[in-house]
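Below is one structure, written out as structure tokens, with a few remarks after it.
The values are calculated or read from the model by the stated rules, or taken from the named source; none is laboratory data. This is a predicted model, so every value here is computed, not measured. A quick note on method: Cβ atoms are made from the backbone with ideal geometry, for glycine too, and the neighbour counts reach across all protein chains shown.
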Amino acid sequence: MSLTIYNTLTRKKEEFIPVESGKVGFYLCGPTVYDYFHIGNARPFIVFDVFRRFLQYRGFEVTYVVNITDVDDKIINKSNQENRAPKEIADEYTKAYLEDLKKLKVKLADVLPKATEHISDMIALIRELLDHGIAYTLNGDVYFSVEKYNGYGKLSGKHIEDLKAGARVEIDERKNNPLDFALWKAAKPGEPFWEAPWGKGRPGWHIECSAMSMKYLGDRFDIHAGGEDLIFPHHENEIAQSCGTGKHAFAKYWLHNGFLKIRGEKMAKSKRNFLTAREILKRYPAEVLRLFFLQKHYRSPINYSEEILDETQVAWHRLQNFYRELNAKKLPEINEIVPDRLSAPAQKFFRFIEQNRSEMAAALEDDFNSAKAIGKLFEIVKEGNRLLNSEEISTDKQVVLNYLKKKLEEFDDFLGLLSREADNSSSENDLEAILEILLEVRNELRENKMWELADKIRNRLTEAGFSIEDRAKQSIIKKNKS
Ligand code: AMP
Ligand code: ZN
């Protein structure tokens, strides 16, 4: 089946036809490293890594590039506040970013270019724009002349005249047009700077992504992604800078994820309504946060609340417990299933798995509809559980269950929803398993109205740093914040 992708540039779903057959060049705008990233930022990091791995699963050779913005106003502000060198701040949070990604089970990109290590590439691109007459210098700054590029606005659907009329863009009387944006900022005292033919300074944010994406992926590449707040001005400006001279064709498909919201508002550093991925990971397994994002379509907004994350945790336990039980059963090894040799009920279950499996893949091929795919996954788990818990499991049903286990693992290679032996130290796995058993026993005690014992388990667990919340259908256990 062919793959379709919603392209922000054309505002429709398009068939995915790579620039070079069998290969995909994929660029994601990465973090500005001045603080820990929040769970809103985690959304693009998680979903686009899943898409990249799904493309690999589909047989594409993918080159995935995620930049690191390590020179920027925010880093400089923090360095002034804390009286530390900007590089020290950037290095500290780059390290934290990579640690948190690992905990979130995000696979490292193939290239993680740092802005400060690509200044000469940016200078070369600015030089091109100046030579072409589409950029101009002004007291050591360099600006892009928006009116000289007639494609400006094609990604965001904005028109220059409307933008000018409503210009809330910084007013700088010196610029030819208030919409012109900085490619290069002249050095100010105490700020990091590099030498350029037009004077000392540092690059603007937009030029960084144009220069680094083309350096690693070429003049024409397949996918450029980021959160929807990046459509304007960041991605619009990237297109202008890259296509302004007519020398580069730049990205073909533009993908944007929707916002993570909290109490109806976008989660953002500036609004102080954020939770860092670090904090959340102390209280929930990474897989729960991954499921939280993947159970929604990447373009839809998602609401965060603790209740929603708790519900997601309950759902995740269903999946994880099923997988754990499949592992515990020591199912017979199989090389290949011959459906005709299976008994009728086993054959029926096998066909059910195959049907849902192909529907999962089809959903992901349709603009990465992970929400639909996860729905199918849980249907498989539900049926699988029914079979697993049936009184007697015939050998051929066991064979099909083993087949299912292998297929679950295959999907999980890009979804990352299962806690598998290799992911965790065995002590973490053991602890999870023991907590599960305790919860199960306690639920039975409660069902039998043996409150005293049930309370005792809760109290002892609380003393040990866990909290149990009793919900209508199920109890939930959480590690307390440390
Ligand atoms: P920043 O470090 O602010 O440049 O953001 C890094 C990435 O996170 C960008 O792709 C943003 O678009 C994305 N992002 C920021 N806030 C949110 C949010 N609340 N929901 C989803 N994505 C976000
Ligand atoms: Zn970018």
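Quick notes on this structure:
- Answer from 326, 291, 364, 342 - the residue that is without any contact (Cβ under 8 Å) to a residue 60 or more places away in the chain and not aromatic (Phe, Trp, Tyr): 342
- Across the stretch 88-112, the qualifying residues are those that are more than 15 Å from the chain's Cα centre (by Cα) and of a type in the set (Ser, Thr, Tyr), and the one among them that is surrounded by the most Cβ atoms within 10 Å (Cβ to Cβ) is 93.
- Where residue 245 falls short, out of the listed (1) in a loop (DSSP other than H, G, I, E, B); (2) of a type outside the set (D, E, K, R); (3) more than 25 Å from residue 152 (Cβ to Cβ): (3)
- So residue 176, is it touching a strand residue (DSSP E or B) at 6+ places or on another chain (Cβ under 9 Å), more than 16 Å from ligand 1 (Cβ to nearest atom), more than 30 Å from residue 38 (Cα to Cα) and at pLDDT below 95: yes
- Here residue 202 meets each of (1) part of a strand (DSSP E or B); (2) modelled with pLDDT under 95 with one exception, condition (2).
- Pair list, Cβ under 7 Å, 6 or more apart: the stretch 101-129 residue of a type in the set (Gly, Ala, Ser), other residue surrounded by 21 or more Cβ atoms within 10 Å (Cβ to Cβ) and part of a helix (DSSP H, G or I): 115/208
- Residue within the stretch 235-255 that is modelled with pLDDT of 95 or more, within 16 Å of ligand 2 (Cβ to nearest atom), more than 20 Å from residue 69 (Cβ to Cβ) and out of contact with any Pro (no Cβ under 8 Å at 6 or more places or on another chain) present: yes
- Residue count for the stretch 314-331, restricted to those that are out of contact with any Asp or Glu (no Cβ under 9 Å at 6 or more places or on another chain) and either part of a helix (DSSP H, G or I) or closer than 18 Å to residue 380 by Cβ (or both): 9
- Tally, over the stretch 268-303, of residues that are over 30 Å from residue 3 (Cβ atoms) and either assigned to a strand (DSSP E or B) or within 12 Å of ligand 1 (Cβ to nearest atom) (or both): 8
- Counting only residues that are touching a residue at least 60 places away in the same chain (Cβ under 8 Å) and under 24 Å from residue 215 (Cβ atoms), the stretch 136-145 holds 3 of them.
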